[in-house]
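Asks: Please see the structure below; I have some questions.
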Amino acid sequence: MGAAALAGLAALGVTARAVGTRRRDLGPAFHDVAPELRAPLLVHGHGPTGEPQPITPETFRGMPRLATQGRIFPRRLGREQVIDSGGRSLRLWLYETAARREGGPSGALIWIHGGGLIAGSPAQDHALCSRIARELGILVVSVDYRLAPEHPYPAAIDDARSALRWLRMSAPALDVDTSRVAVGGASAGGGLAAALAQRCRDEGVGLVFQMLIYPMLDDRTGVGGVGIPGRGDFVWTARQNAECWQAYLSHPPGEPEDRPWAVAARCEDLTGLAPAWIGVGDLDLFVDECVDYAGRLGASGVPARLRVEPGMYHGADICQWARSMRDFRAESIDALGRALRRA
């Protein structure tokens with residue numbers, strides 16, 4: 001294991017001793033993982049029954065605490081903005097460089113964090129949102145949306161739409177060009193971003209791009225918690241997926257669902273959507289639904305770039321010591337930048 005990998009694990013409070021003691025629990029699926037992405041998995045492995053022991057929602061719930069301690073994410077990134085959303089307060093985090101406004105109005109990105117629709121916060125993406133704002137010279141708005149099961153559909157998509165509405169209404173004060181606005185997210189946030197793009201099309205609101213990082217698009221994937229061979233052995237499993245969709249939809253996943261923007265993959269008409277970049281690993285539970293969605297976008301006349309990364313599991317781009325993951329993340333940011341420049 002490389003020094004960079006050990007340093008990353010140390011940031012999570014993981015010791016070399018813990019790595020060594022869990023190695024035997026990982027099972028045969030571990031050998032399909034790209035060597036440079038194996039380090040984080042060594043501390044999770046498989047339990048005594050052979051069931052994967054994935055990163056849980058508690059991992060995401062702990063991130064705000066870790067962020068405030070400065071253990072994973074640098075301090076003082078972004079600034080908080082509280083807006084009114086249908087009579088309730090909605091918290092946003094805004095990211096921009098000091099020089100952003102010098103060249104006139106810039107583009108903007110509405111960013112939606114992951115966490116299976118039941119967990120997570122903008123804190124987990126502070127570093128990524130700061131990087132996007134710095135490299136592209138745009139305003140990034142990260143949404144602290146309401147979570148299921150306390151707040152099932154349509155709470156999350158309504159909050160994301162409120163953030164976009166606020167951005168457009170406040171564009172002159174924010175120095176944002178409303179003709180260059182994109183949406184993006186990772187995992188559950190990617191699924192919500194895809195649904196938000198559909199809602200914008202339906203409501204006549206223009207977007208220039210969808211940045212979808214291993215998006216959670218389809219409640220029918222792994223329905224009933226039944227595993228898919230070669231998919232979802234690590235980090236995000238079929239059982240977790242089913243439980244989280246149940247919490248969000250308030251009914252078992254896979255049942256009939258025709259509410260607008262509830263499940264992005266359920267939308268039958270994809271024409272007129274904003275161009276998209278979709279990135280996913282070939283070991284990810286979501287790989288088939290991502291490939292299918294990208295194909296449907298292309299067949300509907302929507303430009304869609306798909307990257308399927310060999311040996312990558314869900315969320316592995318956090319491993320920025322790995323060249324493949326640095327390239328994966330850089331490609332997504334570059335695709336966003338090119339779309340904003342073209343607009």
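Quick note: the coordinates plus some simple rules give every number you see, no bench work behind them. As the structure is a computational prediction, the values presented were derived from the model and not from experiment. So basically every Cβ, Gly included, is an ideal-geometry build from the backbone, and we count neighbours across all protein chains shown.
Asks: Under the rule a/c < 1.5 gives rounded, and otherwise a/b versus b/c splits prolate from oblate, where does the range 56-342 land using the Cα gyration tensor?
Replies: rounded
Asks: If the chain between Ser179 and Val226 were fully stretched, how many nm would it gain, using 0.36 nm times the residue separation less the Cα-Cα distance?
Replies: Once the chain is fully extended between Ser179 and Val226, it gains 12.6 nm.
Asks: Taking 7 Å along the Cα-to-C-beta vector as the label spot, tell me the Arg342-Glu257 distance in nanometres, rounded to one decimal.
Replies: 3.0
Asks: For the range 163-273, what ratio Rg/Rh do Cα atoms give with a Kirkwood hydrodynamic radius?
Replies: Answer for the range 163-273: 1.04.
Asks: Label points 7 Å out from Cα along the Cβ direction at Val82 and Ala99: separation in nm?
Replies: So the label points at Val82 and Ala99 sit 3.4 nm apart.
Asks: Do any GluC sites (Glu not before Pro) in the range 216-292 lie in a DSSP loop with no more than 10 other beta carbon atoms within 10 Å, and if so, which?
Replies: Glu268
Asks: Rounded, prolate or oblate: which fits the range 211-271 when a ≥ b ≥ c are the square roots of the eigenvalues of the alpha-carbon gyration tensor, with rounded for a/c under 1.5 and prolate only if a/b beats b/c?
Replies: Judged from the Cα gyration tensor, the range 211-271 comes out oblate (a/c at least 1.5, b/c at or above a/b).
Asks: Can you give the FRET efficiency for Arg326 and Asp282, using 1/(1 + (r/R0)^6), R0 = 22 Å, r = Cβ-Cβ distance, to the nearest 0.05?
Replies: Taking R0 as 22 Å, the efficiency between Arg326 and Asp282 is 0.75.
Asks: Next question, about the same structure. Amide H neighbours of Gly114 under 5 Å, at least 5 residues apart or on other chains, H built in the peptide plane: list them.
Replies: Residues meeting the amide H criterion: Ala186, Gly189.
Asks: Multiply the residue separation of Val205 and Val291 by 0.36 nm, subtract the distance between their alpha-carbon atoms, and state the gained length in nm to one decimal.
Replies: 28.3 nm
Asks: Residue-wise, which Karplus ³J(HN,Hα) couplings in Hz belong to the range 163-179, taking 6.51 cos²θ - 1.76 cosθ + 1.60, θ = phi - 60°, and x for glycine or proline?
Replies: Running phi through 6.51 cos²θ - 1.76 cosθ + 1.60 with θ = phi - 60° gives 4, 5, 4, 4, 4, 5, 5, 9, 3, x, 5, 7, 6, 10, 8, 5, 7 Hz.
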